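Have a look at the structure below, then the notes.
Where a number appears in this text, it was derived from the coordinates with a stated rule and is not lab data. What you see is a predicted model; the values in this text were computed from it and never measured. FYI the Cβ positions are ideal-geometry reconstructions off the backbone, even for glycines, and counts take in every protein chain you see.
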Amino acid sequence: MSAKIIDGKQVAADMRAELKIEVAELAKKGIVPGLGVVLVGEDPASQSYVTAKERACEDIGIYSDDNRLSIDTSQEELMELVQKMNKDPKINGILVQLPLPKGLNEAEVLLAIDPNKDVDGFHPVNVGKMVVGEKAFLPCTPHGVVQLLLRNNVKLEGAKVVIVGRSNIVGKPLANMLIQKSPTGNATVTVCHTRTKNLAEEVARADIIIAAAGRPNTITTDMVKDGAVVIDVGVNRVEDATKKRGYRLAGDVDFEAVKEKASLITPVPGGVGPMTITMLLYNTVESAKRAAGIGD
Ligand code: NAP
């Protein structure tokens, strides 16, 4: 039986509609959430991500403070801008688009962001809070994955989850979220990576497979248990002469074959991708509520 396709665009649209209503309610109290965006240089992919984030803010009523800096911006100038935004009460979230151009110290910039405005959830204070189960800004992509699972009624409690990938932005935070003693966690999690001895054997045990390796066809149908839920975080360019651009986007999962075995599966594009910006908007609204003393 063919799997139900998880429609990330629809879940993201539902969440954005909820956020839009919340932002309108906040506006009545004189609260306008604000996101400070910093882009250094002219990397085309980063430019399009930043533009998409700014448009998404505008669409739901979040104020966005757009800072596009030239490639020769110094570390000092960048640090000053972060400090200025840390102090600016109109800004509730700060987003520094990564990667920064060579010569700039990313770690120093991320550490300088006020943890109360760290809507990407990368500051060690937020990472630490997440690990110990305190309220924190959760990193957007893994939080988006959790929301996709919850909003598709996937039972996490007691589920065997196998995550392929252990990066600081996807695999590690996701594993931490899913093992928390909470209704949005309580799973039993295995994290695999390039030194995992028998990937197929590990993945075959999973009720929920989360692929975040950044390599096409990492998850093939022989590895997938009948009825497993499959979430594909990967975004890879695969050569395709039939496309004008010469490539198409593909995830880490052999989608066409695996969808015949899974019960639920995300496509690429249109699965996890749309959730990432949505969770950034969510964190920015949360931050504005906390700053106004009305967050939970
Ligand atoms: P990353 O930093 O390159 O990490 C990849 C991880 O996968 C590493 O832990 C690596 O293991 C592991 N891995 C790679 N090949 C493997 C294999 N054959 N078997 C087992 N493990 C393997 O990547 P990332 O930043 O986490 O991103 C992962 C993917 O998600 C990329 O395709 C990226 O574009 C995509 N992504 C999408 C979104 C979105 O919004 N949709 C957001 C973020 C990332 P080692 O640690 O041993 O090297």
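General remarks:
- Selection within the stretch 140-155 - free of Cβ contacts under 8 Å to residues at least 40 places away in the same chain and either among the aliphatic types (A, V, I, L, M) or buried (at least 19 other Cβ atoms within 10 Å of the Cβ) (or both): PRO142, VAL146, LEU150
- Number of residues in the stretch 261-282 that are buried (at least 21 other Cβ atoms within 10 Å of the Cβ) and either within 19 Å of ALA136 (Cβ to Cβ) or away from the ligand (no atom under 14 Å from the Cβ) (or both) equals 9.
- The C-beta contact set for the stretch 235-253 (first residue touching a residue at least 12 places away in the same chain (Cβ under 8 Å) and surrounded by fewer than 16 Cβ atoms within 10 Å (Cβ to Cβ), second residue among the hydroxyl-bearing types (Ser, Thr, Tyr) and assigned to a loop (DSSP other than H, G, I, E, B), distance under 9 angstrom, 6+ apart or interchain) is empty.
- Considering only residues in the stretch 16-42 that are among the charged types (D, E, K, R) and in contact (Cβ under 8 Å) with a residue 12 or more places away in the chain, the one that is farthest from LEU69 (Cα to Cα) turns out to be LYS29.
- Filtered by the rule that a residue be within 20 Å of GLY34 (Cα to Cα) and part of a helix (DSSP H, G or I), the stretch 112-126 gives ALA112, PRO115, ASN116, LYS117, ASN126.
- Among residues of the stretch 139-156, those that are in contact with a Leu (Cβ under 9 Å, 6 or more places away or on another chain) and either hydrophobic (A, V, I, L, M, F, W, C) or within 14 Å of the ligand (Cβ to nearest atom) (or both), counted: 11
- Filter pass, ASP59 being touching a strand residue (DSSP E or B) at 6+ places or on another chain (Cβ under 6 Å), surrounded by fewer than 18 Cβ atoms within 10 Å (Cβ to Cβ), free of Cβ contacts under 8 Å to residues at least 60 places away in the same chain and not in a loop (DSSP other than H, G, I, E, B): no
- Selected residue (only one of ALA159, ALA136 is among the small types (Gly, Ala, Ser), away from the ligand (no atom under 16 Å from the Cβ) and more than 23 Å from LEU264 (Cα to Cα)): ALA136
- Candidates LEU78, LEU35, LEU26, filtered to the one that is part of a helix (DSSP H, G or I) and either in contact with a Gly (Cβ under 9 Å, 6 or more places away or on another chain) or among the small types (Gly, Ala, Ser) (or both): LEU26
- Total residues in the stretch 183-206, condition over 18 Å from ALA228 (Cβ atoms) and either within 9 Å of the ligand (Cβ to nearest atom) or touching a His at 6+ places or on another chain (Cβ under 8 Å) (or both): 3
- For the stretch 168-182, a residue qualifies if it is farther than 21 Å from VAL224 by Cα and either surrounded by fewer than 16 Cβ atoms within 10 Å (Cβ to Cβ) or without any contact (Cβ under 8 Å) to a residue 24 or more places away in the chain (or both), and the qualifying residues are ASN168, LYS172, ILE179, LYS181, SER182.
- All told, SER70 falls short of being touching a residue at least 24 places away in the same chain (Cβ under 8 Å), within 16 Å of the ligand (Cβ to nearest atom) and either farther than 20 Å from VAL235 by Cβ or out of contact with any helix residue (DSSP H, G or I) (no Cβ under 7 Å at 6 or more places or on another chain) (or both).
- Residues of the stretch 105-116 include none that is touching a residue at least 60 places away in the same chain (Cβ under 8 Å) and closer than 30 Å to GLU202 by Cβ.
- Residues of the stretch 207-250 classified as within 25 Å of ALA159 (Cα to Cα) and either outside any loop (DSSP other than H, G, I, E, B) or away from the ligand (no atom under 12 Å from the Cβ) (or both), total: 18
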